[in-house]
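One structure is given below, encoded as structure tokens.
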């Protein structure tokens, strides 16, 4: 009986499905219609290319958030060798480039991750931009924090908040790790170390702090100024962590946020359980 019923059911399912037209889940909206024309153009030079900077093709970042509290998600793109772009959502899939008037184009170059966060808890989202780039360009690698002025403009204030880190930043995640009511920051970084150094030479060194202070960082929010608590919190700050991704979640369901970090090359990923 089963041998007769199963083929009949399969045939019925096949013919009933084949009679329906496939429906696309997404529609492509062209740049000339949306107004979003950002392109992360990379230009090879003798000084800057994949051979002189291994993260040349790692890409840029994008963040979505409602910067003017109108109920529509706006879009921010970071650029590696081009200016960052902020697009205001006008509705009906139309966007306006407000980069210049908003003051979010950024200085220097090689912006990477972008994070919208209400860092001062005033009900208006702010913008944190991570920066990276070749080791020779240290002066241009200071991360930037744009504070929302509630009028379509932003004011850069990373140094004021203690967030003007000058390493190889990839991304930043904001969360209340100590549950004191404000947002702290985990700063994900890549490494200055050459990947040509064999794994057998560096095993066991993940607990040694990076000599150039360039490893991952946990920064505690102390009344609007961020304090480095990396070592005391048990976060690895070594130069063998080639961070590429970070995810926050309550992995053990104890109502405290935990941290998962993915690393590139030979280093293992990290899972930090909140104590």
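Sort out for me the Cα centre separation of region 99-115 from region 25-40, rounded to whole Å.
So the two Cα centres are separated by 20 Å.
Full extension from residue 253 to residue 27: what is 0.36 nm times the residue separation minus their Cα-Cα distance, to one decimal in nm?
Details: separation 226, 0.36 × 226 = 81.36 nm, distance 3.79 nm.
Difference between extended and current length: 77.6 nm.
If I take R0 = 30 Å and measure r between the Cβ atoms of residue 180 and residue 140 in this structure, what FRET efficiency does the formula 1/(1 + (r/R0)^6) give, to the nearest 0.05?
Details: r = 34 Å, r/R0 = 1.13.
So, using R0 = 30 Å, E works out to roughly 0.30.
Remind me, relative contact order of region 64-164 in percent, using alpha carbon pairs under 8 angstrom and six or more residues apart?
Values: 212 pairs, mean separation 21.2, N = 101.
Rounded, it is 21 percent for region 64-164.
Please report, in Å, the Rg and the Dmax of region 37-166, where both are computed over Cα atoms only.
15.0, 46
If I take R0 = 22 Å and measure r between the Cβ atoms of residue 83 and residue 122 in this structure, what FRET efficiency does the formula 1/(1 + (r/R0)^6) give, to the nearest 0.05?
On the way: r = 27 Å, r/R0 = 1.23.
Approximately 0.25, to the nearest 0.05.
Quote the FRET efficiency, to the nearest 0.05, computed for residue 151 versus residue 73 with a Förster distance R0 of 25 Å and r equal to the Cβ-Cβ distance.
Details: r = 19 Å, r/R0 = 0.77.
Result of the calculation: an efficiency of 0.85.
Where a number appears in this text, it was derived from the coordinates with a stated rule and is not lab data. Treat the numbers as computed from the prediction; the structure is a model and nothing was measured. As a convention, Cβ positions derive from the backbone with ideal geometry for all residues, glycine included, and neighbour counts pool all protein chains shown.
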